[in-house]
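First the structure, in the form of structure tokens, and then the observations on it.
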Amino acid sequence: MKTLIALLKTDLYRALLSLNFVISIVFTMFVMFISCSGYISNTSDVFSLLSHALTGSGSTIFILFIAPILPYAVSFASDLEDKALTFWVIRTGASKYAISKFLSSVIAGFFPLLAA
């Protein structure tokens with residue numbers, strides 16, 4: 001359990017403090033702004049703009065499913081290129097490594113949505 005928590009902390013640190021993560025947040029906010037820009041007026045409130053950004057624009061799938069996984073997918077791909085994947089699997093075990101990657105991906109995937 002101690003190994004899993006240490007590995008999860010490392011993965012979250014890599015996921016949340018990367019440049020790709022910040023770019024993903026900014027790009028998600030930009031897509032949501034473009035989606036609801038036609039509805040912005042003096043009387044519009046945040047909740048109606050959010051509903052227009054998520055429902056009527058066709059960008060729902062991108063905002064909810066594609067944009068959140070991009071920064072960590074790049075991190076996983078760099079692990080494969082640097083051959084660090086075998087190091088982590090041998091050192092921590094395949095199941096702990098997979099659980100840590102899954103949990104950190106889920107946690108990091110929700111942060112761009114919360115920030116936007």
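Ordered by residue, what ³J(HN,Hα) values in Hz, to whole numbers, does the stretch 91-103 give under the Karplus form 6.51 cos²θ - 1.76 cosθ + 1.60, where θ = phi - 60° and Gly and Pro are x?
Once rounded to whole Hz, the list reads 6, 10, x, 5, 5, 5, 5, 5, 5, 5, 5, 5, 5.
Work out, step by step, the length gained on full extension between Tyr39 and Ile69: first 0.36 nm times the residue separation, then minus their alpha carbon distance; give nm to one decimal. Don't skip to the end; give the middle numbers.
Working: separation 30, 0.36 × 30 = 10.80 nm, distance 2.82 nm.
Working it through step by step, the gained length comes to 8.0 nm.
Only Cα pairs within less than 10 Å get springs; with that Gaussian network setup on the chain, which residue of Ser37, Ser75, Ser100 has the largest fluctuation?
Greatest mean-square fluctuation among the candidates belongs to Ser37.
Could you list the square roots of 5 times each eigenvalue of the Cα gyration tensor of the chain, that is, the equivalent ellipsoid semi-axes, sorted largest first and rounded to whole Å? Spell out each step's value before the answer.
Values: eigenvalues 246, 33, 22 Å².
For the chain, the semi-axes come out at 35, 13, 11 Å.
Laboratory data are not the source of any read-out in this text; all were calculated from the coordinates shown. Please read these numbers as outputs of a predicted model, since none were measured by experiment.
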